[in-house]
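Inspection log for the structure reproduced underneath, given as structure tokens.
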Amino acid sequence: MSEFEPRIVMFCCNWCSYAGADLAGVGRLQYPTNTRVIRVMCSSRIQPTFILQALKDGADGVLVTGCHIGDCHYIDGNVHTEKRMENVVEAMKLLGLEGRVHLEWVSASEGPKFKETVTEFVEQIKALGPSPLRAE
Amino acid sequence: MAELVGAVAVAGGGIAGIQSALDLADSGLKVYLIESSPSIGGVMAQLDKTFPTLDCSMCTLSPKLAEAARHPNIELMTYSEIKEISGAAGNFEVTVTRKATYVDPDKCTACELCLAKCPSKVLDEYNAGMSKRKAIYLPFPQAVPRVMTIDADHCIYLTKGKCGNCKKVCENDAIDYEMKDKDEVINVGSVILSTGFAPFDPTELEQYHYEHPDVVTSLEFERLLSSSGPYVGHVKMANGETPKKIAWLQCIGSRNPEIGRPNCSAVCCMYATKEAMVAMEHDSELETAVFNIDVRAFGKGFEQFYQRAKNEKGVRFIRSRPSGVDIDPVTNRLSVRYEVEGSTETAGEEFDMVVLSIGLTPSESSKKLAEIAGVAMDEYGNIETAIDAPMTTNVPGIFACGTIAAPKDIPDTVADASGAASKAHSILASERGTLVTERTYPPEKDITEEEPRIGVVVCDCGINIASVVRVPEVVEYVKTLPHVVHAYEQTYACSTDSLDNIKDVIKEHNLNRVVVASCTPRTHEPLFQDTCRGAGLNPYLFELANIREHCSWVHQQEPDLATEKAKDIIRMSVARVALLDPLYTQKLDFNHGGLVIGGGVAGMTAALDIAEKGFTTYLIEREPELGGLLRTFTRLQDGRTTGEILDPMIAAVKSNPNLTVYTGTTLDEVEGAMGRFKGKLSDGTEIEFGSAIIATGANEFEPEGYFGYGSDNVITQSALEVKLDEGTVDAKNVVMIQCAGGRNDDRPYCSRVCCTTAMKNAIRLKEEDPERNIYVLYRDIRTYGVWEDLYTRARELGVLFMRYTEDDEPVVGDGTVTITDKLLNDTLFEIATDLVVLSAPLVAPEGVENTAMLFKVPVDSNRFFLEAHIKLRPVDFATDGVFLAGSAQAPKLVDESISQASAAASRACSILAKEQLETSGVISVVDEDVCIGCGRCTEVCPYGAPALKEVEIVTEEITYITRKSEIDPAICKGCGSCAAECPTGAITSRHFTTKQISAVIDAFAFADGSIEEVA
């Protein structure tokens, strides 16, 4: 049997983490192919239902990324993201989906961190195995 | 004085000319962009990648070419040369010779039918003569304008009267053999000279055997590396084999007084490093060596790039200038002959290929143009400018920018170009808008009732995407997706012809949505959106699928998985585009004032440049006096006192009626965005402005803990300058130590200015007392460009140079300095000294983080401000309306700071000059029927855009007053936080609606494309 290849939805904000992903590309930093990026203008656009929907649709994990606190293009949008994601991560524990949703800050100049973030999350989800919600 | 004319002639269509033209055109001036070859683009179009980010050169340039081509205020005059200039500043008559192209540009569609039939083959200049083109040709695939040209010297019909094939096959009757050169007179207020350089021809340096087929110039090597080059990116030797070992020989035609070329060409060290790295990226087994005198990695990020090449990639940097290349008479193999550093031994090393890093020389056409314009040149043929007026020639109204004035790299050229535009704009500010036309688009098609009809373009990006992702397979897959009516592959989706093609395809297939799968929307979305508008589609009915930065570039070893990922990415984009709505912008009045933070030379120049154009300007300086870092130094490299440039500048700032200066003041609060910033100063003053420039400069590092700093006889260069001015240098033996606290783990960057400063001061010390012994202990001497003169002069005066390495630094003792000299076979010297002068790097001042925070702009790891793009947007931030200049961006010399400052002013004024600002269509709106007036949106909005208002609700049973949210479109920035917070879904975040994002998530999940079933 081939190794389990997780399918991961990744949210990136336009100004920091998406730019960080672009920079990883410009730097030809190689990372696993498991993530699919959905771009939003600000991580604060990501409402918790998007994460639930992704998991329900069969994502093995959801990685939410945005600007570092203080770097937000919209002043403090990411502060709200942080609060919302704390709640989502907490809810995941209650639902038996612990570890499948993760929030990370990646700036526009952090190509290497983008690579690490993706690589580590893919490893984490590989260790967890396929999502119990995944329809096979 | 004659009437002012609101038009500018820009001579030279390389990146410099293009940038000048775009800035002026955006500011409301008419521009004639005159280029002698058939296409704009210049040398940058020939480059493969650019240092230090290894960005694809064409990828960053191509959108600029397209923008220049479609700008309504720019008239391209390609294949044209300036013949005569008469008149004076404000009103020149320029005679332009339009060379006959023998092709009617209005009829030619560049269908290329003629290419196949043309029998005459000619060496292709674009590929540096390494391949052939036809006598009728397009210079390169992304050429602008996209029209054929007949090379009259090689056309068989035009030379012998026979053939005529192209005319026979042309279906549009575009060929006109009777066409003649003709002169056209244009009337302009200013002229900008930006005709660039010529690559040095190494033939005269016979010892390097350029005639050998495997000895190539660096420009030829760029073409060898390029996927659009003669061997589609596979570097090959003349025998067809792949080279295993390549040498780069630096300073070919530079730093060589014997052939009358004593100056440094400023770019070769970095391009050679880049070429070596890219070549090794193509072939991981390749061995590379760069033979150099000094590695001049002086620009932003260069030193780190050089260290990476050396330490991580294994490029060998051999410190020696080879005396020649030997050719084995039997095997014909190449061997580089060089003297081993620190000894008198000569070594020979075999290489498969030798790349000559040729310098930048003034071109003959530039010299001719300078003569026509009557501008003065220096002894080497560079246009003469001054440190305090780096774009200004001796002829009023005629400016120079880019490499025509001195060798420089792309970002410095771009800054120079915007700076020259600023100078021309200042003269003609009163004439803005008098000669220009509005950009017009065809009427927008109403698609609201239509089913989605989606077209998808999948870009190869040369080999950037296609070498990893199987593009044809992706195209076939995309065709199966719902609503996709047309999908096709394109080599470069962003080239002008491809953009025109997209317009045609939109019409032909009656498309109402478009997806381009190529690179990042952060750079290319506006270009494609504009193309959609040009075909009558609302620009928001477009989506970019990023299969390069997010796929092919990061999964280079995984073609299968990358191909699958590309399919997923495009499927998700198709799902999204199907649900996108047309959006409309609003035009708003805005504040036309400028704000400059920092009152050094950069800040003062920027403020003056804005104020001169008639805009209200505020200049804020934290210190009680204007002048910044330059106040701590006493002399410029040209021998003038710093006061000679500071005093008139300060006087001009203080007397300009449009300019208000606040010294001893800081900017403490900022709110708003481009066009409507509000700021509060430390003295309580409230100001409003539309655009801001950050020019907060840098300070000389206090080298505590380095080389005995702190003792009485160990001082920095700035302290030495003060002493020199006072005449109090009481020392017979002076030791200067370079890189004191720089180029190390704490400050890994090169501070750029210190070598030039050290030379300037070493010369002064020698001139003051020729009996003095001066020793300069260095790692690399980086007197780049024309400042190599100072290094030469210092050596002529008897200044002694000794080289040390980072892991074997000099030791400063009591009255002595010991050094292991690398130049003299690691000999240990003890130098008796009575004065040690440390060349300490420039560092970002305290408080940059606060300034960064005020405007939400980034700083890099060395605490210098981070520009939007290191090559082509050197003074822009990613944030609209905010710009940067001077050493706040990275250390720089005075002339460079001034050029950047004028550039930042030009960029800011291209916004301030607009009558109204257009708002974004991407904002949030409230559905009043669903809103329950809870007010959570007002709590999360960082801008206060939503406000609760009382409304009267009238129903059949009852009338009551309740609260509903309303969002001010002028304030909303479109982040969407309110939509995420709204508990009832009353808020729609346009372009990122819940429905649209949900569809993308579903498309992620359902790989069979059955989007609608689950939506």
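For chain B, the antiparallel share of DSSP beta bridges with both residues in that region comes to about 50%.
Scalar couplings 3J(HN,Hα) for segment B:846-851, obtained by applying the Karplus form with A = 6.51, B = -1.76, C = 1.60 to θ = phi - 60°, are 4, x, 4, 4, 5, 4 Hz; x denotes Gly and Pro. Once divided by 2.2 N^0.38 Å, the Cα radius of gyration of segment B:570-707 becomes 1.46. When the Cα atoms of segment B:549-648 are aligned to their principal axes, the ranges along those axes come out at 64, 44, 23 Å in descending order.
Of all DSSP beta bridges in segment B:198-360, what percent run antiparallel (nearest 5)? Could you put the intermediate results ahead of the total?
On the way: 12 of 29 bridges.
Here the antiparallel bridges make up roughly 40 percent for segment B:198-360.
Between the residues B:784, B:799, B:770, the greatest Cα displacement towards the positive end of the dipole of segment B:765-814, with unit charges on the Cβ of Lys, Arg, Asp and Glu, is found for B:784. Compared with the rule-of-thumb size 2.2 N^0.38 Å for a compact globular protein, segment B:746-836 has a Cα radius of gyration ratio of 1.10. Under a model in which nothing but the beta-carbon of Lys, Arg (+1) and Asp, Glu (-1) is charged, chain B shows a dipole of about 1620 debye around its Cα centre. From the Kirkwood radius over Cα pairs of segment B:880-941, Stokes-Einstein at 4 °C and 1.567 mPa s returns a whole-number translational diffusion coefficient of 82 µm²/s. Note on segment B:319-455: Rg/Rh from Cα positions, Kirkwood definition for Rh, rounded to two decimals, is 1.28. Listed by chain and number, the lysines whose C-alpha is less than 25 Å from the C-alpha of residue B:367, apart from same-chain residues fewer than 8 away, are B:83, B:99, B:182, B:408, B:423. Compute the distribution of all C-alpha to C-alpha distances in segment B:298-345, in bins of 10 Å from 0, and list the percent of pairs in each, rounded to whole numbers. Going from the shortest bin to the longest, the percentages are 22, 29, 34, 13, 2.
Here the convex hull built on the C-alpha positions of segment B:814-900 has a volume of 170 cubic angstrom per residue.
How large is log10 of I(q)/I(0) for segment B:102-180 at q = 0.10, 0.24, 0.26, 0.27 Å⁻¹ when the intensity is taken from the Debye formula with one equal scatterer per alpha-carbon? Ignoring solvent entirely, the Cα scatterers give -0.20, -1.21, -1.39, -1.46. Normalised Debye scattering of segment B:888-1015 at q = 0.18 Å⁻¹ gives log10 I(q)/I(0) of -0.96, counting only Cα atoms as equal scatterers and leaving out solvent. Where only DSSP H runs of four or more residues are counted, chain B gives -8000 deg cm²/dmol as its mean residue ellipticity at 222 nm, each run worth -39500 (n - 2.57). Measuring from centroid to centroid over Cα atoms, what is the spacing of segment B:619-687 and segment B:981-1000 in Å? Between the Cα centre of segment B:619-687 and that of segment B:981-1000, the gap is 46 Å.
Go through B:503/B:587; B:723/B:766; B:274/B:310; B:64/B:871; B:30/B:587; A:83/A:126 and tell me which ones have a Cα-Cα distance over 18 Å in this structure. Present the calculation step by step, with values, prior to reporting the outcome.
Values: B:503/B:587 26 Å; B:723/B:766 14 Å; B:274/B:310 11 Å; B:64/B:871 12 Å; B:30/B:587 23 Å; A:83/A:126 27 Å.
Going by Cα-Cα distance, B:503/B:587; B:30/B:587; A:83/A:126 fall outside the 18 Å limit.
Here residue B:567 is the anchor, and the lysines within straight C-alpha reach of less than 16 Å, apart from those fewer than 8 places off in the same chain, are B:479.
Rounded to the nearest 20, the Cβ-based charge dipole of the protein assembly as shown about its Cα centre (Lys and Arg +1, Asp and Glu -1) stands at 1700 debye.
Over all orientations, chain A has a Cα convex hull whose mean projected area works out to 7.8 square nanometres. For the listed peptides B:866-874, B:9-17, a ranking on the average number of other beta carbons within 10 Å per residue, highest first, reads B:9-17, B:866-874. Considering only beta bridges that DSSP places wholly inside the protein assembly as shown, some 45 percent are antiparallel. The calculated pair-distance distribution of chain B uses every alpha carbon pair, bins of 20 angstrom beginning at 0, and gives 12, 40, 36, 10, 1, 0 percent. Roughly speaking, what is the centre-to-centre gap between segment B:894-940 and segment B:791-807 when only Cα atoms are used, to the nearest Å? That distance is 51 Å. Straight-line reach from residue B:107: taking Cα to Cα under 16 Å and skipping same-chain neighbours fewer than 8 places apart, the aspartates and glutamates in range are B:171, B:173, B:176, B:178, B:497, B:500. Panel note: the C-alpha atoms of segment B:924-990, placed on their principal axes, show extents of 39, 19, 18 Å (largest first). Over all other residues within a Cβ to Cβ distance under 12 Å of residue B:11, the charged ones net out to 0, with Lys and Arg as +1 and Asp and Glu as -1. Per-residue mean of foreign Cβ neighbours for B:136-142 is 0 (Cβ atoms of other chains, 10 Å radius).
Normalised by 2.2 N^0.38 Å, where N is the number of residues, the C-alpha radius of gyration of the protein assembly as shown stands at 0.96.
Each reported figure results from applying straightforward, stated rules to the coordinates on display, with no laboratory input. Values in this document were obtained by computation on a predicted structure and should not be read as measured data. Ideal geometry is used to build each Cβ from the backbone, glycine not excepted, and the neighbour counts take in all protein chains shown.
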